[in-house]
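Enquirer: Okay, handing you the structure first.
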Amino acid sequence: MKLLTFYAERGLTLGVKTDRGVLDVAASVERHGGTAAVPQTIRQFLEGGEEAFQALAAHVRRMESAGEAQLFLDEESLRFGPCVPEPGKIICVGLNYRKHAEESNMAVPEYPVLFNKYSNALAAHNDEITLPAEAQQVDYEAELAIVIGRRAKRVKREEALSYVAGYCNANDLSARDLQMRTSQWLLGKSCDGFSPLGPYLVTSDEVGNPNNLEITSFVNGDVRQHSNTSDMIFACDEIVHYISRYMTLEPGDVILTGTPEGVILGYPKERQVWLKDGDVVTIEIEKLGRLTNRMRREA
């Protein structure tokens, strides 16, 4: 399934993308009923586990059979929310593609390099992202995001992906001048809106192997990054296994898995043109759709 959030009169609500349009889950349950297990928010879906997944899938099938057009919304008319609006943790893996480490003039890591973002960094598909007045070197980073679906502590690598609810596009926006100001990267990574997620949370069954997905970024329609998640130094299962050894992962936690080569930081200095007011950045990952945001310079 492809899950999303969008703003309605009742606030941020759960939708499911179908061939008929986006099903408004809460409205359809109110109109036609449903079992108590049918989740009406992303949080309920993630915390409800397999029972919630099966209940939602059955509800979607029933609504498609009902054939009521008003229950299915035109996606183009929606104001999206982040596909995971309330992550407990946003954990990021740095330098996880060999060529990106090389272009950044940094050593290929022996262990996953971890840092974090906070909820203030969340943004949605089609949101405008503010380029802070204090930052002149804002960069894009196309990334595959892992969304945890059940509590994971010291999980075996061969079982790690069974703890994943699904995946989504992410843009690990980075203010390089702030990031490199000190040895700690956090400031340049956690500005408001610097972690767009979406447009969809695509469930694991629909994605299949996350370690073999084409990943691309565009700026104003021009390809900037084009790679495959198979080029990761630390694959998705290894990342979940590694992190869960040190901290408990909970449903709704999001892990950004690193970016391939092609970021502005990796260009020769004479060719570095940082993101500016009006630039449109799109992240596209195979099976996950396209995440698009326009940059706006802070007044």
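The values are calculated or read from the model by the stated rules, or taken from the named source; none is laboratory data. As the structure is a computational prediction, the values presented were derived from the model and not from experiment. Every residue, glycine among them, receives a Cβ derived from its backbone with ideal geometry; neighbour counts consider all protein chains shown.
Enquirer: Tally up the residues in the range 89-132 that are over 16 Å from V254 (Cα atoms), aromatic (F, W, Y) and in a loop (DSSP other than H, G, I, E, B), please.
Expert: Of the residues in the range 89-132, 1 are over 16 Å from V254 (Cα atoms), aromatic (F, W, Y) and in a loop (DSSP other than H, G, I, E, B).
Enquirer: If I146 satisfies all but one of (1) in a strand (DSSP E or B); (2) over 24 Å from S190 (Cα atoms), what's the number of the condition it fails?
Expert: (2) is the only condition that I146 fails.
Enquirer: Can you pull out the helices (runs of 4 or more DSSP H) entirely within the range 178-281 that have at least 3 residues that are modelled with pLDDT of 95 or more, touching a Leu at 6+ places or on another chain (Cβ under 8 Å) and within 22 Å of V164 (Cα to Cα)? Can you show your working first?
Expert: Numbers: elements: 186-189, 204-207, 236-244.
Fully inside the range 178-281 and qualifying: 236-244.
Enquirer: Y7 versus (1) at pLDDT 95 or above; (2) farther than 18 Å from P251 by Cα; (3) touching a Leu at 6+ places or on another chain (Cβ under 6 Å); (4) of a type outside the set (D, E): which is the lone unmet condition?
Expert: (3)
Enquirer: Take the residues in the range 61-109 that are touching a residue at least 12 places away in the same chain (Cβ under 8 Å) and hydroxyl-bearing (S, T, Y); name whichever of them is farthest from N171 (Cα to Cα).
Expert: Only one residue fits best here, namely S104.
Enquirer: Can you find a residue that is more than 19 Å from the chain's Cα centre (by Cα), buried (at least 20 other Cβ atoms within 10 Å of the Cβ), of a type outside the set (A, V, I, L, M, F, W, C) and at negative phi anywhere in the range 235-243?
Expert: Yes: the range 235-243 contains one or more residues that are more than 19 Å from the chain's Cα centre (by Cα), buried (at least 20 other Cβ atoms within 10 Å of the Cβ), of a type outside the set (A, V, I, L, M, F, W, C) and at negative phi.
Enquirer: Which members of the range 79-120 meet the condition of being surrounded by fewer than 21 Cβ atoms within 10 Å (Cβ to Cβ) and under 30 Å from V16 (Cα atoms)?
Expert: Passing the criteria: R79, P85, E86, G88, K89, N116, Y118, S119, N120.
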